[in-house]
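Encoded as structure tokens, the structure appears first; notes follow it.
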Amino acid sequence: MFRSSCVQSVLILAIALSASAAHADGQAVTRYSGIGRPATSAEVKAWDIDVRPDFKGLPKGRGSVRQGEVVWESKCASCHGTFGESSDVFAPLAGGTTAEDIKTGRVANLMPGANQPQRTALMKMATLSTLWDYINRAMPWNAPKSLSTDEVYAATAYILNLGGIVPGDFTLSDANIRDVQERLPNRKGTTTAHAMWPGAEFGGTSKPDVQGSVCMRDCKKEVIVKSFLPDYARNAHGQLAEQTRLVGGTRGADTNRPEPEIFMSNKASPLIARAPVATEKIANAVSGSAPGAAVMPLLQKNACIGCHAMDGKLVGPSFKDVAGKYKGRVDAVNYLAGKIKGGGQGVWGSMPMPPQTLNEAEATQLAQWLAREFSP
């Protein structure tokens, strides 16, 4: 009798729990009904574009060095230089490697005691997938993901040729890219002796990279990062802007001048990106004018404020300087619209501006704002 009652009680409890779970599930379904949906295969494919070190995810395609030169000159050279030597802003891509490095897989100029002031991309790169993947997803900077698959192969081949890794008549493809990987100058210059990347699948180890037992405890609630130089130390290493490097133009701050006002305005947090600060200034300046509401989205959409500030030089001249230079010019609108859309070099120094993808109406609208509405 006791056993029957016990079994009966257990059954009743199980039924009650099942009903409760079913009720909870029903509530969950009702609560989140109509919110979201499963991603389609096409949507997943559009996002799943990464290429792994074992080249999983690499699409089929091909591109020659000569085709890459055409792509490079039209879409890459304005920032990276014709021969990958770069400019006064961007770091050089090629240089610093030798034929012996290609044989050994270790770049001698990365070794202790080497006299190489500037490390280039080809010196440091250990996996060819990194180069292909980055070009595919991020280049050119003003129109990312606009290159076709074959153009990515071609641009990659051209860079490899600049470093002497492939000959001038070479065609890079998904069929031979693994062979080219075995010619990278720094292919053996990385380690997998940690558990962060790439893991056991690529020959890594399962040993934890960090083994402390008190990690992530008693952390400060607020951390302020400071990177500006005090006045007494600003010129401690000489005039950085005049220290040349072996490849590419000179980079470095003009240490004879004080810290730019754009950073000094907030000493508590000096690592404020220039573009966001410029964006705020531009937004405030145009918000009170009639065309402001239309101009600001154009400046943001076309990444204009990534290189141009309202009243201070960033990569390129300020909007104030541009407006002042062409103030009173009869054909200012047509001239500026053409320069905005077509790009150029030499008017404001050696740093080129690449052609922009905006249409004629947008270029004219920005030119009108600069020439007529924006007061220098």
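Screening THR171 on (1) in contact (Cβ under 8 Å) with a residue 60 or more places away in the chain; (2) within 19 Å of CYS79 (Cβ to Cβ); (3) crowded, with 17+ Cβ neighbours inside 10 Å shows it passes everything except condition (2).
Please specify each residue of region 29-79 satisfying the condition of being among the charged types (D, E, K, R) and over 18 Å from LEU172 (Cα atoms). Step through it out loud before you land on a result.
Narrowing region 29-79 to residues among the charged types (D, E, K, R): 31, 37, 43, 45, 48, 50, 52, 54, 56, 60, 62, 66, 69, 73, 75.
Result: ARG31, ARG37, GLU43, LYS45, ASP48, ASP50, GLU73, LYS75.
Residues that are within 13 Å of ARG62 (Cβ to Cβ) and of a type in the set (Gly, Ala, Ser) within region 157-182 comprise ALA157, SER173, ALA175, listed in sequence order.
State yes or no: is SER64 small (Gly, Ala, Ser) and over 20 Å from ASN176 (Cα atoms)? I'd like the intermediate steps shown before the answer.
Numbers: small (Gly, Ala, Ser): yes; over 20 Å from ASN176 (Cα atoms): no.
The answer is no for SER64.
Residue-level check: of (1) loosely packed, with under 14 Cβ neighbours inside 10 Å; (2) modelled with pLDDT under 70; (3) not in a helix (DSSP H, G or I), GLU280 misses just (3). Taking the criterion of being among the hydrophobic types (A, V, I, L, M, F, W, C), touching a residue at least 24 places away in the same chain (Cβ under 8 Å) and surrounded by 15 or more Cβ atoms within 10 Å (Cβ to Cβ), the residues of region 92-109 that qualify are LEU93, ALA94, ILE102, VAL107.
Within region 131-143, the set of residues being surrounded by fewer than 16 Cβ atoms within 10 Å (Cβ to Cβ) and either charged (D, E, K, R) or closer than 13 Å to ILE49 by Cα (or both) comprises TYR134, ARG137, ALA138. Anything in region 324-339 that is surrounded by fewer than 20 Cβ atoms within 10 Å (Cβ to Cβ) and of a type in the set (A, V, I, L, M)? List them, or say none. Passing the criteria: VAL330, ALA332.
Per-residue answers, yes or no, for (1) closer than 23 Å to GLY81 by Cα; (2) in a helix (DSSP H, G or I):
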residue	(1), (2)
ASN136	yes, yes
TRP141	yes, no
ASP169	yes, no
ARG187	no, no
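Selection of region 299-323 for residues being small (Gly, Ala, Ser), under 16 Å from the mean Cα position of the chain (by Cα) and either buried (at least 18 other Cβ atoms within 10 Å of the Cβ) or not assigned by TED's automatic domain parsing to the domain that holds LEU366 (or both) yields only GLY306.
Among the criteria (1) farther than 26 Å from LYS75 by Cα; (2) without any contact (Cβ under 8 Å) to a residue 12 or more places away in the chain, the one LYS327 does not fulfil is (2).
Can you name the residue in region 144-168 that is among the small types (Gly, Ala, Ser) and surrounded by 15 or more Cβ atoms within 10 Å (Cβ to Cβ) and is also nearest to the chain's Cα centre (by Cα) among such residues? If you could, list the steps in order and put the result at the bottom.
First, the residues of region 144-168 that are among the small types (Gly, Ala, Ser): 146, 148, 154-155, 157, 163-164, 168.
From what's left, surrounded by 15 or more Cβ atoms within 10 Å (Cβ to Cβ): 154-155, 157, 163-164.
Working: ALA154: 20, ALA155: 17, ALA157: 20, GLY163: 22, GLY164: 25 Å.
Once the filter is applied, the top-ranked residue is ALA155.
The values are calculated or read from the model by the stated rules, or taken from the named source; none is laboratory data. Everything numeric here is computed off the predicted structure, so don't read it as measured data. Virtual Cβ from ideal backbone geometry, glycine too; neighbours counted across all protein chains shown.
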